[in-house]
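The values are calculated or read from the model by the stated rules, or taken from the named source; none is laboratory data. None of these values were measured; they are calculated from a predicted model. Here the Cβ is made from the backbone with ideal geometry for all residues, glycine too, and neighbour counts use every protein chain on show.
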Ligand SMILES: Cc1cc2nc3c(=O)[nH]c(=O)nc-3n(C[C@H](O)[C@H](O)[C@H](O)COP(=O)(O)O)c2cc1C
């Protein structure tokens, strides 16, 4: 079992979109999933399943859907690296800087979309009854609350094992994932997590808006500088 301080892991887990195709040992995958399922669920109902996708044909199908969705969401087309530096793949509203996706990361987003199937493993976290909740008060944020904490556990455990990961989510209706993965009708894939060793980059601290700007004390708007 690798050792890394939990706060060090948190401060060095960021979206890693350049992943090597080298296989991940099965025991490592068990350890990542063992960490994932320690995450919280409402009433501890654990109404989930975790699909570990290694089959190249299934990965290719998923990658195809993913790239198509990303293109539709961001309206990007394949362009040269130079053109990409100047282009925006976002459709308005997303700023560059501490928020939004800067040029380097844009390149990463597109690289991932074009190489999605090359990750040795894609984990698909599934909520088994999410489909039933879509028309109820449990839809929306509440729906994901019973799995995304566990997904973050998975990503932190991956970091501890020296593996990169990235949270991806292009799963609007009609993705065909239920058929592709043999899921029951009421089940939903809640995100897709490609995993692999880093082909580029390193485990550095994610950049965020200044803490004092986003932390409010007792009431909204009451801010302090950190001592
Ligand atoms: C709801 C959600 C959807 C996301 N979808 C994608 C995606 O489809 N593709 C991708 O490359 N990254 C995706 N991300 C990753 C974000 O872009 C990433 O977490 C953010 O840019 C911060 O990256 P950093 O931790 O490296 O700073 C998604 C993250 C969230 C929370």
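Quick notes on this structure:
- Selection within region 193-227 - in contact (Cβ under 8 Å) with a residue 12 or more places away in the chain and under 15 Å from residue 19 (Cα atoms): 193, 194, 195, 196, 197, 198, 199, 200, 201, 203
This table checks each residue for (1) closer than 24 Å to residue 183 by Cα; (2) in contact with a helix residue (DSSP H, G or I) (Cβ under 8 Å, 6 or more places away or on another chain); (3) within 16 Å of the ligand (Cβ to nearest atom).
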residue: 8; (1), (2), (3): no, no, yes
residue: 12; (1), (2), (3): no, yes, yes
residue: 15; (1), (2), (3): no, yes, yes
residue: 19; (1), (2), (3): no, yes, yes
residue: 26; (1), (2), (3): yes, no, no
residue: 29; (1), (2), (3): yes, no, no
residue: 39; (1), (2), (3): yes, yes, yes
residue: 48; (1), (2), (3): yes, yes, no
residue: 61; (1), (2), (3): yes, yes, no
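- Count of region 5-27 residues which are surrounded by fewer than 19 Cβ atoms within 10 Å (Cβ to Cβ) and more than 14 Å from the chain's Cα centre (by Cα): 15
- Whenever a residue of region 61-73 is within 17 Å of residue 111 (Cβ to Cβ), its partners that are at pLDDT below 90, lying with C-beta atoms within less than 6 angstrom and at least six residues away or across chains, give the pairs 66/170; 69/170; 70/170.
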